[in-house]
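Colleague: Let me give you the structure first, and then I'll get to my questions.
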Amino acid sequence: MIFRILLYAGLALLLPGLAALGYSLWEGPAVWSLDTHTFWGTPVSLFVFWIGIAHAGTLISAILLALGVPLDRRTSMLAELTTLCALLVAAIYPLMHLGVVENFYMVIPFLDARGSFANVRSPLVWDFCCIAIYAVLSLVFFAIHLFADRSQALEDVRRPMAWLLFPLVLWVHTIVSLDFAVTFVPEWRGAFFPLYFIAGAIYSGLAMVNVLLVAEGCRVRLLEKLMMVGSFVMLVFWAWNFALKGDWNFSVFAFGALLPQLWWVSAVRESPIGRLAISISVLFGLWLERFFLVMPAEPRGFGYVDAGLVAFSIGLFTTLLVILRVKLRKPIEGGELLFGELEEASAPVVEPHTEPLTSREFIVLRFPLLLGVLVALVYTLWAVSQPVFDTVAVAIPNVAPLFYPIVALVAAIALCIRPVWQAVSAHNADGCGSRYLKIAFAICVLMFAFFAGVFYAGGSSAPSKFTSYAQVPGEADSGAFDTLRTRAVWNARCSGCHGTDGKFNAKFVREFYPVPQKLTAARLDSLGEDSLVHVIMYGRTNMNPYGDRITEAEARALVRYMRSLAPEDIPAPEINDSTHEINNSTPETNDSAEVLQ
Amino acid sequence: MDRREFLKILSATVAGFALFGCRDGLLGDMPVKGARLKLADFENEVKFALSKMKPGMELVRVPMPAALKTPGASQENRFGMAIDLDACDACGKCVLACIQENNIPLSAPERANRGQFMHWIEMCGGAPAMCFHCGDAPCEKVCPTGAANHTPDGVSAMMYKRCTGSRFCGANCPVHARKFNFDDPVASGRSLKFNAGVPVREKGVMEKCSLCLQRLQDARHDFKALHPGESFRGRGVTTACAAACPKNAIIFGNWLDEGSPLVRAAKDRVLYAPKAVASLDPSIVYMRGHR
């Protein structure tokens, strides 16, 4: 019943939110922003808010598990589910925040087919990688928990996984705070930002889990006490921030720290409505905090679209959570109906250290970690040698933020392969459970391969479709161009790629485009002047159109100039029939002037 | 309400909201091709911008810019400008010249009313201010894709095709010299292509003063074709704003070339830079008073 109400409420928020999302994607950042000083708006504040909630979900389940604080399966499952849903919501906002959304892949610090590399000095690159890895590991952690009651092997890796996720959460949220703390914006500066962000994330996540527990019709006193502590920790950070910079926001203080003091009142604490009100007040206060942080200067616009984006996030989160919760009712609730603290199960027995390389402990625990460290080391050293430009010196600290996430990713995969395999083979008999696992595994591998391929290929190198829109004023075609003038145009427009002498600027071209085949005078003649002029004006595969920059007469003069550069004495390469076919079918790749190498 | 009816209403609602979200594209103002802008529109916008002049920046003394210390930086060239505050009377001709050279679009009326323009040069307290082309540029450090980059000869350049519009550079620029294309300048009909040599930037891309990179590149190619083997020092090149200044208050040149007009002009002057960027090794400085 409560889930049905929540689902309807979620949908009611989601649908108008979708309109706001669509509108902002269509119109671009103009609809929610901003001015020449404040470039970041509601989406970034929503991102920080939801990523914080995601982190707290992991914290509540993984860190408590790692530290041996017992928490019942249903609450921890709920927290992990919160993580997944909040992560999905959080991932939407940085993407929609971009001005050119389809270029997002350029942020990934991996070599693509053109050899271009992201600028690993930027916190956004760290951010992207950390959050992607965190999302994968959260999913794995949740899946393992989901199937843990069927297989002891899976249950055994939960605690090592939790130990991998524990630092990861802190690491990732530190990186999120560095998005702000490394900048020159006065309001964002402060070495305490990582701690401040982590505390805020945990606090808001506790509030979110408490809201959900109210919906589940129960309460976990441990989490209420933690929230109480959180309010004072946040108060300390706000006071510190105030002392440093003079920023004080009363509404954030009232919603985030003052109202939660109602936990002291037993009448409020005992009633579900009271618990709900306190938790929602904290969530609201912390969102306000992020909002004011992201937009430090007046004017802070908050219009219909911003409200719609907020509604979208809440709606999507609620809808997703309720659907998953209802779908996974059986595995989440299991046989247990009780909530609250559990008796601690006996910890898995770790063998005393025996053989360094053959003991079970080494194979199960240390080897994955070692592998992760090695891979991360190799990656770091490689990435340091990949500056985005020759004029940029990349240092170890620039790449260091990627270190632990890679360790965690590789270690977690190595850790889970064996138990997952065991679980799959153990369930081979009954078929049902293993089928899901196999499908999930296949999907993971396929998705990984797909994305790796997409990112390696990079975006389309086809010229932009928005080209010759503005007209070149004046300059009527005079028809004739002397060689000197044409050479000036060639040197200014073409030589960047094609070189002043018509030989490739090979280093540059290879960096951005596949190198086209050689063209000779004979081939130029066979292509004909008109088609080459057309290529210059309107572009072909890798050649950008120049119709908005040069006139047709200039293009014609360029073709003749190009012909004069082509070496006559080199005969057309001898080709047999099959390659001839191929060459004929793709004459575009060598376009106008790519031509004369 | 049975299931079928519910689904019908649900899909109708979704479709309705989707249509509502797209209404500008479907029903609203499509780009008007007929309304041609005139130069006068841009002149008026410059006048309007001058009437909404920003407050001046706090200036501190800086030494003369020296060669960049980044790897691969040229030891012969570092292009920059000096702005003579004693001569400048904030007429705004440099702003207009910059618009014409770099095809800068008009800004939307509601933005202009709030004092937000796309102009690469803005008057701050009677002094023209543009990107200072810091040698240690904070914008380039945070650009995730490398769209904001530094040329070996000291120009902080933009690679528009590689920009994802994360606006991190804009947030990190201490003097707010970066301008973001919130609207599509062409579709909104607010751009006019004065100069065929400079592309009109697309929607969602960051832009800023390029130190008239196109003029430098054209001159470099010509120079290399005419004088093979010699090194290009940027002689004879000037930026649009410097060329347009009636008082000769903006001087472009090469900081590392003793014969450059820039070095000759700045040699016996006191150099200043805004306090916010003074520690970042700016290539563009102000001159005031004699030493």
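Each value in this text was obtained by applying a stated rule to the coordinates, not by laboratory testing. Since we're looking at a predicted model, the values are computed, not measured. No Cβ is skipped: glycine too gets one built from the backbone with ideal geometry, and neighbour counts run over all protein chains shown.
Colleague: Which value in Å does the Kirkwood hydrodynamic radius of segment A:186-302 take, with 1/r averaged over all unlike C-alpha pairs and then inverted?
Modeller: On the way: mean 1/r = 0.0683 Å⁻¹.
Taking the inverse mean of 1/r over all distinct Cα pairs, segment A:186-302 comes out at 14.6 Å.
Colleague: Here is a further query. So what does the Cα-only Debye profile of segment A:1-118 read at q = 0.12, 0.19, 0.22 Å⁻¹, as log10 I(q)/I(0), no solvent term?
Modeller: With no solvent term, the Cα-only Debye profile gives -0.65, -1.10, -1.21.
Colleague: Right, here's the next one. How high is the relative contact order of segment B:58-290, in percent, counting Cα pairs under 8 Å that sit 6 or more residues apart? Write out the running numbers ahead of the final one.
Modeller: Numbers: 457 pairs, mean separation 78.0, N = 233.
In percent, rounded to a whole number, it is 33.
Colleague: Over all alpha-carbon pairs of segment B:58-290, lay out the pair-distance distribution in 5 Å bins, whole %, shortest bin first.
Modeller: So the P(r) values, bin by bin, are 1, 7, 14, 19, 21, 18, 12, 6, 2, 0, 0.
Colleague: Provide the net charge surrounding residue A:155, with neighbours chosen by a C-beta distance below 13 Å and charges set as Lys +1, Arg +1, Asp -1, Glu -1. If you can, show how the numbers build up before the last one.
Modeller: Numbers: positive: A:73, A:150, A:158, A:159; negative: A:149, A:156.
Summing Lys and Arg as +1 and Asp and Glu as -1 gives +2.
Colleague: Can you sort B:245, B:173, A:497 by how many other beta carbons sit within 10 Å, fewest first?
Modeller: Numbers: B:245 22, B:173 28, A:497 18.
Lowest count first: A:497, B:245, B:173.
Colleague: Can I ask one more? Report the convex hull volume per residue for segment B:59-175, counting only C-alpha atoms, in Å³.
Modeller: Values: hull volume 17.3 nm³, N = 117.
So the per-residue Cα hull volume is 148 Å³.
Colleague: Let me ask something additional. Restricting attention to segment B:51-135, which GluC sites (Glu not before Pro) occupy a DSSP loop and are surrounded by at most 15 other Cβ atoms within 10 Å?
Modeller: Those that pass, being in a loop and sparsely packed, are B:58, B:76.
Colleague: What is the mean number of Cβ atoms from other protein chains located within 10 Å of the Cβ atom of each residue in peptide A:103-112, rounded to a whole number?
Modeller: Working: counts 10, 5, 2, 9, 4, 2, 1, 0, 0, 0.
Partner-chain Cβ atoms within 10 Å, mean over residues of A:103-112: 3.
Colleague: Summarise the partner chain shielding of B:109-122 as one whole number: the mean count of Cβ atoms from other chains within 10 Å of each residue's Cβ. Before the final figure, lay out each step's value.
Modeller: Values: counts 0, 0, 3, 0, 0, 3, 2, 4, 1, 1, 0, 0, 0, 1.
Average neighbour count from other chains, rounded to a whole number: 1.
Colleague: Please compute the modelled spin-label separation between residue A:243 and residue B:100, points set 7 Å along Cα→Cβ, answer in nm with one decimal.
Modeller: In this crude label model, residue B:100 to residue A:243 measures out at 5.9 nm.
Colleague: Counting other C-beta atoms within 10 Å, and keeping those with at most 12, which DSSP coil trypsin sites (Lys or Arg not before Pro) do you find in segment B:187-266?
Modeller: Working: sites: B:190, B:193, B:201, B:203, B:208, B:215, B:220, B:224, B:233, B:235, B:247, B:264; in loops: B:190, B:193, B:201, B:203, B:208, B:233, B:235, B:247.
Loop-located and lightly packed - B:247.
Colleague: Report, in cubic angstrom per residue, the convex hull volume of the C-alpha atoms of the protein assembly as shown.
Modeller: Working: hull volume 196.1 nm³, N = 888.
Taking the convex hull of the Cα positions in the protein assembly as shown, it is 221 Å³ per residue.
Colleague: Next up: Angle check, please: helix B:213-226 long axis (alpha carbons) against the longest principal axis of chain B (alpha carbons), in degrees 0 to 90, nearest 10.
Modeller: Once rounded, the angle reads 50 degrees.
Colleague: Show the residues, 5+ positions off or on another chain, whose built amide H is closer than 5 Å to the amide H of residue B:269.
Modeller: Here B:291 satisfy the definition.
Colleague: If you don't mind, there's one more thing I want to ask. Just to check I understand the Karplus step: with θ = phi - 60° and J = 6.51 cos²θ - 1.76 cosθ + 1.60, what whole-Hz values come out for segment A:196-213, glycine and proline as x?
Modeller: 4, 5, 5, 4, x, 5, 5, 4, 5, x, 4, 4, 5, 5, 5, 4, 5, 5
Colleague: Next up: Which whole-Hz ³J(HN,Hα) couplings does segment A:134-141 yield from phi under the Karplus relation 6.51 cos²θ - 1.76 cosθ + 1.60, θ = phi - 60°, glycine and proline marked x?
Modeller: Listing the rounded values in order: 4, 5, 4, 5, 4, 4, 4, 4 Hz.
Colleague: Step by step: find N for segment A:112-222, compute 2.2 N^0.38 Å, then divide the Cα radius of gyration by it. What's the final number? Intermediate values should be presented prior to the final figure.
Modeller: Working: Rg = 18.0 Å, N = 111, 2.2 N^0.38 = 13.2 Å.
Cα Rg divided by the expected 2.2 N^0.38 Å: 1.37.
Colleague: For peptide B:13-20, how many partner chain Cβ atoms fall within 10 Å of a residue's Cβ, on average?
Modeller: Values: counts 3, 4, 0, 2, 10, 5, 2, 6.
Other-chain Cβ atoms within 10 Å of each residue's Cβ, averaged: 4.
Colleague: Determine ³J(HN,Hα), in whole Hz, for all residues of segment A:268-285 in sequence, where each value follows from phi through the Karplus function 6.51 cos²θ - 1.76 cosθ + 1.60 and θ = phi - 60°; x replaces Gly and Pro.
Modeller: Computed from phi, the couplings for segment A:268-285 are 5, 5, 7, 8, x, 4, x, 4, 4, 4, 5, 5, 5, 4, 5, 4, 4, x Hz.
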